[in-house]
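Visitor: Take this structure first; my questions come after.
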Amino acid sequence: MRAAIPEAVARPGTALYSGLLRAITDLLTGNERAGIPRRTASQLIARINRRWYGEGADFRAGADYRGCDRCTTSGCNAARRSPDNLEGCDRIINPNSWLAAALLMQDCLDPGCEDGQIIGGGDCRACQQRASERRDIALAALAAEERMRAETEAREAVRAAVTTWDDTAAAEEHRIRMILGRAGRHGALLEHEVQQHMTGWRERNPQPTGPTALHHAALQDVTAAEDEPDYPEPAEDQAEEYEEWEQLATGPTAEYRAWREQQAQAKLAAIGR
């Protein structure tokens, strides 16, 4: 039994801490007053291994382990972690007293339970129930995480689709302005015909919303060329003005792009709310 004690707790040939020795004795011989049933040597050795190695005590007792920002090589003066203080430092300062307390700590409310088995025979129903509840909680947490991930992806897809739609609409508006300008439309007439064209475009290409956003976004590559009216060519006396429109047709101006960016940001902010 002495060989089962980790060297970090007590080196071979040294006496055991009195509290640890008392805990081992109570577990091996039983303590009726404390409600501790008698364990066999093999059961106690298995318990020592579960507590020490199963809870990472061999690492947590090392001088280089840092359980909180107040840990140093020489020790730690922060409050210890416990069932009543889950935010405390989990570094093990005194391996002897830690192991003594850990050996006497009972995982199950039944003092006769040893790792899911009742001493004297049979599975522990309380442990089985707890294990079932833990599985249910873990599955529920996993399902919630998956739902959150799916919802996040859906929101991002909607935002991306709306951004694509806005960009496509801006490009279409710019395109039709160039065509109408080359055809001699100006001022209120230009604005009226642009608005008329874009109203029809939006009816054919509705702004994506909700889960179908990606489907709508895929339609944004469809242009209005199919129903494009046959705009007349500019008259000869409009040649100079036509050349100016040709220069603009190479793409939106910096001022126009800045305005479209502001519009897109405003719409994205509205979606995020």
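Visitor: Note down the magnitude of the dipole of region 1-137 about its Cα centre, charges +1 on Lys and Arg C-beta and -1 on Asp and Glu C-beta and zero elsewhere, to the nearest 20 debye.
Guide: Values: 19 positive and 17 negative charges, 61 e Å.
The calculation lands at about 300 debye.
Visitor: Per-residue counts of other Cβ atoms within 10 Å, averaged by peptide: what ranking do you get for 33-41, 142-150, highest first? List each step's numbers first, then the result.
Guide: Values: 33-41: 13.3, 142-150: 10.0.
Highest to lowest by the protection proxy: 33-41, 142-150.
Visitor: Just the number, please: carbon plus sulfur as a percent of the accessible area of region 88-195, 1.4 Å probe, no ligands or DNA/RNA counted. Intermediate results must be reported in sequence, preceding the final value.
Guide: Values: 3450 of 6080 Å².
C and S fraction of accessible area: 57 percent.
Visitor: Would you tally the net charge around Trp52, using a Cβ to Cβ cut-off of less than 12 Å, leaving Trp52 out, and scoring K and R as +1, D and E as -1?
Guide: On the way: positive: Arg47, Arg50, Arg51, Arg60; negative: Glu7, Glu55, Asp58.
So the surrounding residues net to +1.
Visitor: Loop-only GluC sites (Glu not before Pro) in region 148-194, please: DSSP not H, G, I, E or B, and at most 13 other Cβ atoms within 10 Å. Spell out each step's value before the answer.
Guide: Values: sites: Glu151, Glu153, Glu156, Glu172, Glu173, Glu191, Glu193; in loops: none.
Sparse-neighbourhood loop GluC sites (Glu not before Pro): none present.
Visitor: So which GluC sites (Glu not before Pro) in region 60-135 pass both tests, a DSSP loop state and at most 13 other Cβ atoms within 10 Å of the Cβ? All intermediate terms of the calculation are to be shown ahead of the outcome.
Guide: Details: sites: Glu87, Glu114, Glu133; in loops: Glu87.
Here the GluC sites (Glu not before Pro) that fit, given the DSSP loop and packing criteria, are Glu87.
Visitor: Here's another thing I want to ask about it. Rounded, prolate or oblate: pick one for region 10-59, where a ≥ b ≥ c are the square roots of the eigenvalues of its C-alpha gyration tensor, a/c under 1.5 means rounded, and failing that, prolate if a/b is larger than b/c, else oblate.
Guide: Details: a/c = 2.04, a/b = 1.35, b/c = 1.51.
Note, shape of region 10-59 comes out oblate.
Visitor: Place a +1 charge on the Cβ of each Lys and Arg in region 111-159 and a -1 charge on the Cβ of each Asp and Glu, then give the dipole magnitude about the Cα centre in debye, rounded to the nearest 20.
Guide: 160
Visitor: Only loop residues by DSSP count here, and only those with at most 16 other Cβ atoms within 10 Å; note down the chymotrypsin sites (Phe, Trp or Tyr not before Pro) in region 1-54 that meet that.
Guide: Values: sites: Tyr17, Trp52, Tyr53; in loops: Tyr17, Tyr53.
Of the chymotrypsin sites (Phe, Trp or Tyr not before Pro), the ones in loops of region 1-54 whose Cβ has at most 16 other Cβ atoms within 10 Å are Tyr53.
Visitor: Here's a follow-up. Please compute the length gained on full extension between Glu145 and Ala41, using 0.36 nm multiplied by the number of residues separating them and subtracting their Cα-Cα distance. Walk me through the numbers on the way to the answer.
Guide: Details: separation 104, 0.36 × 104 = 37.44 nm, distance 4.39 nm.
Additional length available on full extension: 33.0 nm.
Visitor: May I pose another question? Tally Lys and Arg at +1 and Asp and Glu at -1 over the other residues with C-beta under 12 Å from the C-beta of Ala102: what net charge comes out? Each step should come with its number before you reach the end.
Guide: Working: positive: Arg47, Arg50, Arg51, Arg60; negative: Glu55, Asp107.
Counting the neighbours of Ala102, the net charge comes to +2.
Visitor: I'd like the FRET efficiency for Glu156 and Arg134, computed as 1/(1 + (r/R0)^6) with the beta carbon distance as r and R0 of 22 Å, rounded to 0.05.
Guide: Details: r = 33 Å, r/R0 = 1.49.
Efficiency, from the Cβ-Cβ distance: 0.10.
Visitor: Dipole size in debye (nearest 20) for region 66-200 around its Cα centre, Lys and Arg Cβ +1, Asp and Glu Cβ -1?
Guide: Numbers: 17 positive and 22 negative charges, 86 e Å.
Using Cβ point charges on Lys, Arg, Asp and Glu, region 66-200 gives about 420 debye.
Visitor: If you don't mind, there's one more thing I want to ask. Counting heavy atoms of the protein chains only and a 1.4 Å probe, report the per residue accessible area for region 49-137 as a whole number of Å².
Guide: On the way: 5680 Å² over 89 residues.
Value for region 49-137: 64 Å² per residue.
The values are calculated or read from the model by the stated rules, or taken from the named source; none is laboratory data. Bear in mind the structure is a predicted one, so any value in this text is a computation, not a measurement. Ideal geometry is used to build each Cβ from the backbone, glycine not excepted, and the neighbour counts take in all protein chains shown. Only protein heavy atoms, including side chains, enter the accessible area calculation; ligands, DNA and RNA are left aside. Shrake-Rupley method; radii C 1.70, N 1.55, O 1.52, S 1.80 Å.
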